[in-house]
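Here is the structure we will look at.
The values are calculated or read from the model by the stated rules, or taken from the named source; none is laboratory data. Keep in mind that what you see is a predicted model, and the values were worked out from it rather than measured. Glycine also receives a Cβ, built like all others from the backbone with ideal geometry; neighbour counts cover every protein chain displayed. The area values use the complete protein model at the heavy-atom level, side chains included, leaving out ligands, DNA and RNA. Shrake-Rupley method; radii C 1.70, N 1.55, O 1.52, S 1.80 Å.
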Amino acid sequence: MVGWLKNAIFYQIYPVSFFDGNGDGIGDLIGITEKVGYLKDLGVNAVWLNPVYKSPFKDAGYDISDYYSIDKRFGTMDDLKELIDVYHKNGIKVILDMVFGHTSNKHKWFIKSTSKKRNKYSDYYIWSDSNFDEYEGKLIKGLYYRDGGYLMNYYASQPALNYGFHSPDKPWQLKYDDERLKPLREELLNIMRFYLDMGADGFRFDLAGHMVKGEKWDDDSENGNIGNAWFWNTILGTLRKEYKDKVYISEWVNPKNSVVKCGFDFDFLTHDTPVFNELVRNEINTNLIREIELGDNYFSENGKGTMKNFVDYVEDLYNVIDGKGYISSPTGSHDEIRIGTFKSDDLIKTIFAFLLTYKNIAFIYYGDEIGIRHNFNVSRDGGSIRTGTRTPMQWTNGKNRGFSEHRGTYLPTNKDKNCSVESQLKDKNSILNTVKKLIKIRKEYSCLNADGEQRFLETGYPAVYERTDGKTTIRVYINPSNKTVERFCNFKEILLMQNTEINGDKIALGKQSFVMIKV
Ligand code: NOJ
Ligand code: CA
């Protein structure tokens, strides 16, 4: 297990929208470097950057046309090196995004693979050999001279790279361990070596559960994802021999597959918005935070939800993971509705109190720490509804919210006046200052890190749980509802509280309240 991970407090940066360092209206690497002081002050010690490589941006950079170049909108390779150096000097690790499920259709590998004549790249992508073939409606045909169609992943402009099939049943489908697939794996390793040698601390892997075809990402039965497990163990096994202390994170949403079978360090439990499918929303997030359609999610004022399903789910996960890695419930991502949407500041702080104290790797999506709300009226770079979560960081209340000097910004800035770093730094009870306090406490008490033990005492309103490292035990009460509830407890010290009154051993939890006590 990578040592620094249990204490990691991650921050996700969407580079287009963090800070515009050169004043052209679009966020960039020098801008991210410039803002290191803010992150240090916030208390985070690791960042993940969404893709910054050369791209036509048909899917916000998740369509890479050259893995070895930085897109000019973000700057240069030297800017990335500088960013990594400066962040390291400030004690912050840097994780890059690796998109290996597909490339852009503008990538030279793909262009060469469209040729009728066999060449080095013919097997880099999954091509059927006749225009009459079908594969889950995802074969794109008729665009190139090569016979047959290519398999797409998410958008048609994202041809799937070829890692083979679980059980091939057509001549054009290769078995996942076929020797012909090895050159592509070598390419991936070399790309990663390039960035690890530069100093990157690891990667977040896009679509990690969709590499080998014919396997279902959510099949965690004994025979499920055998090909993906073979693929990732081969890749990560090689890297782990060559590099120490690097971290590999999966975008999978199934730690039983990603962490246990494939060897990732941790997995995200995300994707609970209407843009993703029912199963992920209902099983994994169990109406915890964002069930905006049903309105009975746990973190809502009406107090109709329960945390029980989520807690059962997480307890089962930890049993199966059995120390092999971790889970993380990020506050959001570039794919989700903003966590603060339709919520009061107090409720947002209550959510943070939970996400930063329950047993998981802390992960904050940029701007959630000031409660940026979703903008439902924008779409750019293939983002559709997701674009609303990618709007510029709100540094000030002035021009372009302090994000850029340019007359306009690439994505529109939100207008809500006081939702900014500038305003919230001045208010001791702001979301930002509450998040800072939560991070500080989390760092101070090792029982709150991802290794600390966890025991739930209640899962309603309030939810009550204890974290312990054997020496210190911290008890947390969470009450997102409008009900006032009382509990009794003898404790040693109050660490932090909101909307709570304490008299002797009586703890009166008001609306949208939380309290952390040392017991
Ligand atoms: C997941 C990424 O997070 C998302 O933004 C992207 O559109 C898809 N993978 C496809 O790469
Ligand atoms: Ca710029």
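From the Cα gyration tensor of region 1-101, with a ≥ b ≥ c the square roots of its eigenvalues, which class applies: rounded if a/c is under 1.5, or else prolate if a/b is larger than b/c, or else oblate? Kindly include the intermediate steps, with their values, before the conclusion.
Values: a/c = 1.99, a/b = 1.34, b/c = 1.49.
Cα axes put region 1-101 in the oblate bin.
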Handout entry: 25 Å Cα-Cα reach of Lys89 towards lysines, excluding residues that sit fewer than 8 places from it in its own chain
Key = Lys6, Lys35, Lys40, Lys81, Lys244, Lys246, Lys436, Lys437, Lys440, Lys443
Handout entry: Rg(Cα) / (2.2 N^0.38 Å) computed for region 102-162, rounded to two decimals
Key = 0.97
Fill in the blank from the handout: Taking the alpha-carbon centre of each part, the distance from region 380-394 to region 1-42 in Å is 17
Practice task
Let me know the charge dipole size of the chain about its Cα centre in debye, to the nearest 20, where only the beta-carbon of Lys, Arg (+1) and Asp, Glu (-1) is charged.
Solution key: 920
Completion exercise
In degrees, nearest 10, the alpha-carbon axis of helix 308-321 is tilted away from the dominant principal axis of the alpha carbons of the chain by 60
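Do the sum for the chain: with -39,500 (n - 2.57) for every DSSP H run of n ≥ 4, divided by all residues, what is the mean residue ellipticity at 222 nm, to the nearest 500 deg cm²/dmol? Before the final figure, lay out the partial values.
Values: 10 runs with 111 residues, N = 519.
That comes out to -6500 deg cm²/dmol.
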Exercise for the section: With a point put 7 Å past each Cα toward its Cβ, work out how far Asp220 is from Leu189 in nm, to one decimal. Expected result: 3.0
Problem - Phi-based couplings in Hz for region 456-464 (Karplus 6.51, -1.76, 1.60; Gly and Pro marked x) - result: 8, 9, 8, 10, x, 10, x, 8, 10
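When you count, for each residue, the other Cβ atoms within 10 Å and take the mean per peptide, how do 474-480, 491-497, 150-156 rank with the highest first? It would help to have the intermediate numbers written out before the result.
Values: 474-480: 25.0, 491-497: 14.9, 150-156: 19.4.
For the peptides 474-480, 491-497, 150-156, the packing ranking is 474-480, 150-156, 491-497.
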Handout entry: Cross-link table Lys324/Lys506; Lys106/Lys182; Lys106/Lys359, entries beyond 32 Å C-alpha to C-alpha
Key = Lys324/Lys506; Lys106/Lys359
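For region 102-162, with all protein chains present and a 1.4 Å probe, just round the carbon and sulfur fraction of the accessible area to a whole percent.
Numbers: 1720 of 3130 Å².
With neighbouring chains kept in place, the figure for region 102-162 is 55 percent.
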Exercise for the section: Calculate the spin-label point distance for Asn302 paired with Lys417, positioning each point 7 Å from the Cα along the beta-carbon direction, and give it in nanometres. Expected result: 3.2
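Classify region 119-241 as rounded, prolate or oblate, taking a ≥ b ≥ c as the square roots of the eigenvalues of its Cα gyration tensor: rounded when a/c is under 1.5, otherwise prolate if a/b is larger than b/c and oblate if not. The partial results should precede the final answer.
Working: a/c = 1.91, a/b = 1.44, b/c = 1.33.
Taking the square roots of the gyration eigenvalues as a ≥ b ≥ c, region 119-241 is prolate.
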Practice task
Using only Cα atoms, tell me the angle between helix 77-89 and the longest principal axis of the chain; keep it within 0 to 90° and round to the nearest 10.
Solution key: 30
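Would you kindly state how much longer the chain becomes between Lys40 and Lys117 on full extension, computed as 0.36 nm times their sequence separation minus their alpha carbon distance, in nm to one decimal?
22.3 nm
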Exercise for the section: State whether the chain is rounded, prolate or oblate according to the following rule on the C-alpha gyration tensor (a ≥ b ≥ c being the square roots of its eigenvalues): a/c under 1.5 gives rounded; otherwise a/b larger than b/c gives prolate, and the remaining case gives oblate. Expected result: prolate
Handout entry: Rough spin-label spacing in nm, given labels placed 7 Å along Cα→Cβ, for Asp78 and Asp505
Key = 6.7
Exercise for the section: Taking the chain as the reference, fit the longest principal axis to its C-alpha atoms, fit the long axis of helix 182-198 to the helix C-alpha atoms, and give the angle between the two in degrees, 0 to 90, nearest 10. Expected result: 50
Exercise for the section: Determine which aspartates and glutamates satisfy two conditions relative to Lys241: a Cα distance under 16 Å, and not lying fewer than 8 residues away in the same chain. Expected result: Glu186, Asp197, Asp201, Asp265
Exercise for the section: Using a 1.4 angstrom probe, figure out how much accessible area region 1-137 has per residue, in square angstrom, rounded to the nearest whole. Expected result: 37
Exercise for the section: Mind checking which aspartates and glutamates have their Cα closer than 16 Å to the Cα of Lys428? Skip sequence neighbours fewer than 8 apart in that chain. Expected result: Asp41, Asp345, Asp346, Glu369
Exercise for the section: Pairs of Cα atoms under 8 Å, at least six residues apart: use those to get the relative contact order of the chain, whole percent. Expected result: 13
